[in-house]
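Working notes for the structure below.
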Amino acid sequence: ESGRALSGRHVLVTSGPTHEPIDPVRYIANRSSGRQGHAIAAAAAAAGARVTLVSGPVAIPDPAGVEIVHVESAREMLAAVEKALPADIAIFAAAVADWRAAGESEQKLKKDGSEPPPLRLALNPDILKTVAHLPAGRPPLVVGFAAETERVIEHAQAKLARKGCDLIVANDVSPGTGIMGGAENAVHLVTAAGVESWPSLGKEEVARRLVARFAELAPRANVK
Ligand code: C5P
């Protein structure tokens with residue numbers, strides 16, 4: 001038990017998309033399946049960690065052995081993350097919507113024959129950036145993801161600095177790759193020290209290897 005790589009550690013994972021309400025029946029969403037984030041949560045639990053998984057709406061089952069918090073919007077996700085801290089390792093694999101509808105309508109918007117209603121957007125909180133910049137209680141290892149369609153590594157390096165995290169797991173989600181929603185993932189690990197590129201592997205295998213790496217990188221100090 002205590003010999004496992006992450007025993008005694010608390011690992012926080014975000015996963016899945018967020019749904020941003022427009023009115024009571026409509027929302028803005030994205031194509032994230034939650035497969036990679038959920039696989040990481042499961043792999044961390046298998047490595048002995050206490051895991052809190054904060055998940056947006058997904059069609060896949062809750063992984064066994066983790067505490068799961070289901071949320072819909074980015075703002076709910078941030079609140080759930082803040083409530084789940086402190087953590088030894090925080091992994092932000094969710095595809096959080098950058099924008100939400102500015103001013104959710106309390107009633108269903110009706111088509112009344114005139115112009116379509118304008119959809120105004122407001123900026124969502126950046127959960128990864130918020131946690132990585134916490135003045136107190138920042139998890140010792142903060143990991144972000146970067147889904148890019150071009151110049152993947154360059155963008156990931158810029159993101160590492162902008163977000164203030166310790167590691168970016170970058171992947172190419174161009175339509176031709178089949179990664180978004182697919183079973184495989186080819187990732188690049190980007191830190192201040194350099195870049196390591198892995199071959200395309202099943203998302204479960206990527207998760208196991210990532211968790212092993214996080215266990216090596218996370219400082220030994222335990223958060224209870
Ligand atoms: O800025 P971008 O969305 O490309 O950054 C991706 C990384 O930031 C992912 O780790 C994602 O989970 C996280 N993120 C977040 N909150 C947001 C936007 C992104 O936690 N509002």
With a cut-off of at most 16 other beta carbons within 10 Å, and DSSP calling the residue loop, which trypsin sites (Lys or Arg not before Pro) in the stretch 105-205 qualify? Please list them. K108, K110, K111, R120, R151
Going by the alpha-carbon gyration tensor, a ≥ b ≥ c the square roots of its eigenvalues, is the stretch 111-187 rounded (a/c under 1.5) or, if a/c is not under 1.5, prolate (a/b greater than b/c) versus oblate? oblate
Percent carbon-and-sulfur accessible area, the stretch 98-224, ignoring ligands, DNA and RNA, probe 1.4 Å: 53
Return the long-range amide H neighbours of V51 (sequence gap of 5 or more, or a different chain), with a cut-off of under 5 Å between placed amide H atoms. V11, E67
List the pair-distance distribution P(r) of the chain, using every Cα-Cα distance, as the percent of pairs falling in each 10 Å bin from 0 up to the bin containing the longest distance, rounded to whole percents. 8, 33, 36, 16, 5, 1, 0
Amide proton proximity set for A146, modelled H, under 5 Å, gap of 5+: V169, A170, N171
E106 versus A64: modelled label distance in nm, points set 7 Å from Cα along the beta carbon direction: 4.7
How large is ³J(HN,Hα) for each residue in the stretch 91-101, as worked out from phi by the Karplus curve 6.51 cos²θ - 1.76 cosθ + 1.60 (θ = phi - 60°), to whole Hz, x for Gly and Pro? 10, 9, 9, 5, 8, 6, 5, 5, 10, 10, 5
Top mean-square fluctuation among A94, A186, A41, Gaussian network model of the chain, C-alpha springs under 10 Å? A186
Note to self: with every protein chain in place and a 1.4 Å probe, the chain gives an accessible area per residue in Å² of 51
What trypsin sites (Lys or Arg not before Pro) does the stretch 6-78 have in DSSP loop regions with at most 11 other beta carbons within 10 Å? R31
With n ≥ 4 as the cut-off for DSSP H runs, can you work out [θ] at 222 nm for the chain, using -39500 (n - 2.57) per run divided by the number of residues, rounded to the nearest 500? -7500 deg cm²/dmol
Computed over the stretch 157-204, the relative contact order (Cα-Cα under 8 Å, seq sep at least six) in percent reads 33
Work out Dmax and Rg for the stretch 1-92 from the C-alpha atoms and quote the Rg first, both in angstrom. 13.7, 50
Length-normalised contact order for the stretch 129-214 - Cα pairs under 8 Å, 6+ apart - percent: 23
State, as an integer percentage, the relative contact order of the stretch 74-224 based on alpha-carbon contacts under 8 Å between residues 6 or more apart. 20
Only residues of the stretch 156-177 count here: report those whose backbone N is under 15 Å from the spot 7 Å along Cα→Cβ of H133, or say none. 159-166
Mind giving me the nanometre distance, one decimal, between the label points for E205 and A183, set 7 Å out from Cα along Cα→Cβ? 1.2
Between the alpha carbon centres of the stretch 58-81 and the stretch 138-182 the gap in Å comes to 21
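The values are calculated or read from the model by the stated rules, or taken from the named source; none is laboratory data. This one's a predicted model, so the numbers in the text were calculated from it and none came from an experiment. Note that each Cβ is placed from the backbone with ideal geometry, even for glycine, and that neighbours are counted across all protein chains shown. Accessible surface is based on the protein model in full, side chains and every heavy atom, while ligands, DNA and RNA are left aside. Shrake-Rupley method; radii C 1.70, N 1.55, O 1.52, S 1.80 Å.
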